[in-house]
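So the structure is just underneath, and the comments pick up after that.
The values are calculated or read from the model by the stated rules, or taken from the named source; none is laboratory data. Treat the numbers as computed from the prediction; the structure is a model and nothing was measured. Please note: Cβ atoms are built from the backbone with ideal geometry, for glycine as well, and neighbour counts cover all protein chains shown.
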Amino acid sequence: MKTTTIRHRVPFFETDAMGIVHHANYIRYLEIARVAWMDEHDRPYRAYVAEGFHFATTRVEFDYKRSAAFDDVLDVTTWLDWVRGASLAMAYELKRCDEIIGTGCTEHALVDHDGALRRIPAEHRARLKALSANGARTPRGRGARSG
(Lines give C-alpha, C1' and ligand atoms only; values in the text may rest on other atoms or scores of the structure.)
Protein backbone atom coordinates (compact mmCIF):
# COMPACT_ATOMS: atom_id res chain seq x y z
CA MET A 1 0.00 0.00 0.00
CA LYS A 2 1.45 3.32 -1.11
CA THR A 3 0.57 6.50 0.76
CA THR A 4 0.98 10.18 0.03
CA THR A 5 0.94 12.92 2.64
CA ILE A 6 0.38 16.57 1.87
CA ARG A 7 0.86 19.38 4.36
CA HIS A 8 -1.68 22.20 4.52
CA ARG A 9 -1.51 25.31 6.69
CA VAL A 10 -5.06 26.55 7.28
CA PRO A 11 -5.59 30.09 5.98
CA PHE A 12 -8.08 32.38 7.70
CA PHE A 13 -10.55 32.32 4.79
CA GLU A 14 -11.12 28.57 5.31
CA THR A 15 -12.55 29.17 8.77
CA ASP A 16 -16.12 29.98 9.78
CA ALA A 17 -17.58 32.49 12.25
CA MET A 18 -16.50 30.24 15.15
CA GLY A 19 -12.88 30.38 13.97
CA ILE A 20 -12.71 26.71 12.98
CA VAL A 21 -12.26 25.17 9.56
CA HIS A 22 -15.60 25.13 7.75
CA HIS A 23 -16.71 21.53 7.26
CA ALA A 24 -16.80 21.79 3.45
CA ASN A 25 -13.07 22.52 3.32
CA TYR A 26 -12.16 19.07 4.61
CA ILE A 27 -13.54 17.61 1.37
CA ARG A 28 -11.28 19.97 -0.58
CA TYR A 29 -8.29 18.66 1.41
CA LEU A 30 -9.22 15.11 0.39
CA GLU A 31 -9.31 16.13 -3.27
CA ILE A 32 -5.90 17.80 -3.09
CA ALA A 33 -4.43 14.70 -1.45
CA ARG A 34 -6.05 12.34 -3.98
CA VAL A 35 -4.60 14.22 -6.94
CA ALA A 36 -1.18 14.31 -5.22
CA TRP A 37 -1.39 10.52 -4.68
CA MET A 38 -2.13 10.00 -8.37
CA ASP A 39 0.79 12.22 -9.36
CA GLU A 40 3.14 10.30 -7.07
CA HIS A 41 2.01 6.70 -7.50
CA ASP A 42 -0.16 6.30 -10.60
CA ARG A 43 0.04 9.02 -13.21
CA PRO A 44 -0.95 12.67 -13.21
CA TYR A 45 -4.69 13.24 -13.21
CA ARG A 46 -4.19 15.56 -16.19
CA ALA A 47 -3.05 12.49 -18.20
CA TYR A 48 -6.49 10.92 -17.66
CA VAL A 49 -8.12 14.22 -18.65
CA ALA A 50 -5.96 14.43 -21.80
CA GLU A 51 -7.36 11.00 -22.78
CA GLY A 52 -10.92 12.24 -22.27
CA PHE A 53 -11.55 10.78 -18.80
CA HIS A 54 -12.41 11.99 -15.31
CA PHE A 55 -12.80 10.19 -11.99
CA ALA A 56 -16.21 11.51 -10.95
CA THR A 57 -16.84 11.48 -7.22
CA THR A 58 -19.75 9.17 -6.44
CA ARG A 59 -19.47 9.02 -2.64
CA VAL A 60 -17.81 11.00 0.14
CA GLU A 61 -17.65 10.02 3.79
CA PHE A 62 -15.82 12.02 6.44
CA ASP A 63 -15.74 11.43 10.19
CA TYR A 64 -14.86 14.57 12.14
CA LYS A 65 -12.85 13.79 15.29
CA ARG A 66 -11.50 17.23 16.28
CA SER A 67 -11.76 20.78 15.00
CA ALA A 68 -8.98 22.45 13.07
CA ALA A 69 -8.50 26.22 13.22
CA PHE A 70 -6.71 29.08 11.51
CA ASP A 71 -2.96 28.54 11.16
CA ASP A 72 -3.10 24.85 12.11
CA VAL A 73 -0.74 22.71 10.08
CA LEU A 74 -2.57 19.63 8.86
CA ASP A 75 -1.09 16.50 7.34
CA VAL A 76 -3.47 14.71 4.99
CA THR A 77 -2.44 11.14 4.24
CA THR A 78 -4.21 9.18 1.52
CA TRP A 79 -4.01 5.75 -0.03
CA LEU A 80 -5.89 3.75 -2.61
CA ASP A 81 -8.28 1.48 -0.76
CA TRP A 82 -9.74 -0.62 -3.59
CA VAL A 83 -10.22 -0.81 -7.36
CA ARG A 84 -12.98 -2.42 -9.43
CA GLY A 85 -13.79 -2.40 -13.13
CA ALA A 86 -14.86 1.23 -13.45
CA SER A 87 -14.38 2.57 -9.93
CA LEU A 88 -11.93 3.07 -7.11
CA ALA A 89 -11.91 4.30 -3.53
CA MET A 90 -9.42 6.39 -1.63
CA ALA A 91 -9.02 6.49 2.16
CA TYR A 92 -7.74 9.44 4.18
CA GLU A 93 -6.44 10.43 7.58
CA LEU A 94 -6.05 14.08 8.63
CA LYS A 95 -3.73 14.90 11.51
CA ARG A 96 -2.53 17.93 13.42
CA CYS A 97 0.81 16.78 14.81
CA ASP A 98 -0.07 13.34 16.22
CA GLU A 99 -3.75 14.17 16.80
CA ILE A 100 -6.26 12.70 14.35
CA ILE A 101 -8.59 15.45 13.11
CA GLY A 102 -10.66 13.18 10.90
CA THR A 103 -10.81 10.16 8.65
CA GLY A 104 -12.61 9.69 5.39
CA CYS A 105 -13.07 7.90 2.13
CA THR A 106 -14.16 8.84 -1.36
CA GLU A 107 -15.37 6.68 -4.21
CA HIS A 108 -14.91 7.59 -7.86
CA ALA A 109 -16.18 6.25 -11.17
CA LEU A 110 -14.28 6.67 -14.42
CA VAL A 111 -16.35 8.65 -16.91
CA ASP A 112 -15.70 10.20 -20.28
CA HIS A 113 -16.14 13.91 -21.07
CA ASP A 114 -19.85 13.26 -21.72
CA GLY A 115 -20.29 11.66 -18.29
CA ALA A 116 -20.71 8.11 -19.59
CA LEU A 117 -19.31 5.39 -17.32
CA ARG A 118 -16.12 3.75 -18.67
CA ARG A 119 -14.11 0.81 -17.45
CA ILE A 120 -10.66 1.67 -16.17
CA PRO A 121 -8.32 0.43 -18.94
CA ALA A 122 -6.96 -3.01 -18.01
CA GLU A 123 -3.33 -1.92 -17.80
CA HIS A 124 -4.19 1.00 -15.51
CA ARG A 125 -6.56 -1.12 -13.40
CA ALA A 126 -3.89 -3.80 -12.88
CA ARG A 127 -1.34 -1.19 -11.82
CA LEU A 128 -3.84 0.45 -9.48
CA LYS A 129 -4.86 -2.85 -7.89
CA ALA A 130 -1.20 -3.57 -7.16
CA LEU A 131 -1.02 -0.21 -5.33
CA SER A 132 -4.26 -0.62 -3.39
CA ALA A 133 -4.74 -1.67 0.20
CA ASN A 134 -7.59 -4.10 -0.53
CA GLY A 135 -7.54 -4.91 -4.23
CA ALA A 136 -11.14 -5.40 -5.38
CA ARG A 137 -12.56 -6.10 -1.91
CA THR A 138 -15.62 -4.05 -1.03
CA PRO A 139 -15.01 -1.97 2.12
CA ARG A 140 -16.97 -2.03 5.37
CA GLY A 141 -19.25 -4.90 4.45
CA ARG A 142 -21.06 -2.96 1.73
CA GLY A 143 -22.68 -5.09 -0.90
CA ALA A 144 -20.56 -5.99 -3.89
CA ARG A 145 -21.38 -4.01 -6.97
CA SER A 146 -20.30 -4.60 -10.51
CA GLY A 147 -18.13 -1.95 -12.02
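A few points about this structure:
- Considering residues of the range 71-120 that are in contact with a Lys or Arg (Cβ under 6 Å, 6 or more places away or on another chain) and small (Gly, Ala, Ser) only, the residue farthest from residue 55 (Cα to Cα): 102
- Yes/no for residue 119 being touching a helix residue (DSSP H, G or I) at 6+ places or on another chain (Cβ under 9 Å), basic (Lys, Arg) and over 16 Å from residue 2 (Cα atoms): yes
- Members of the range 97-111 that are in contact with a strand residue (DSSP E or B) (Cβ under 6 Å, 6 or more places away or on another chain) and charged (D, E, K, R): 107
- Filter result for residue 58 (more than 10 Å from the chain's Cα centre (by Cα), at pLDDT 95 or above and over 20 Å from residue 118 (Cα atoms)): no
- When every residue of the range 82-98 is checked against the conditions, at least one turns out to be under 24 Å from residue 12 (Cα atoms) and either touching a residue at least 40 places away in the same chain (Cβ under 8 Å) or among the aliphatic types (A, V, I, L, M) (or both).
- Residue 62 vs. criteria under 14 Å from residue 92 (Cβ atoms), free of Cβ contacts under 8 Å to residues at least 60 places away in the same chain and of a type in the set (Phe, Trp, Tyr): yes
- Consider the range 61-92 and keep the residues that are of a type in the set (S, T, N, Q) and more than 11 Å from residue 26 (Cβ to Cβ). The one that is farthest from the chain's Cα centre (by Cα) is 87.
- When restricted to residues that are within 17 Å of the chain's Cα centre (by Cα) and surrounded by fewer than 16 Cβ atoms within 10 Å (Cβ to Cβ), the range 7-18 contains 1.
- Pairs where the first residue, in the range 103-128, is more than 24 Å from residue 33 (Cβ to Cβ) and the second is part of a helix (DSSP H, G or I) and not β-branched (Val, Ile, Thr), C-beta under 9 Å, 6+ apart: 119/125
- Flag for residue 17 being part of a loop (DSSP other than H, G, I, E, B) and either in contact with a Cys (Cβ under 6 Å, 6 or more places away or on another chain) or without any contact (Cβ under 8 Å) to a residue 24 or more places away in the chain (or both): yes
- For residue 21, the conditions (1) modelled with pLDDT under 95; (2) more than 19 Å from residue 133 (Cα to Cα); (3) surrounded by 13 or more Cβ atoms within 10 Å (Cβ to Cβ) all hold with the exception of (1).
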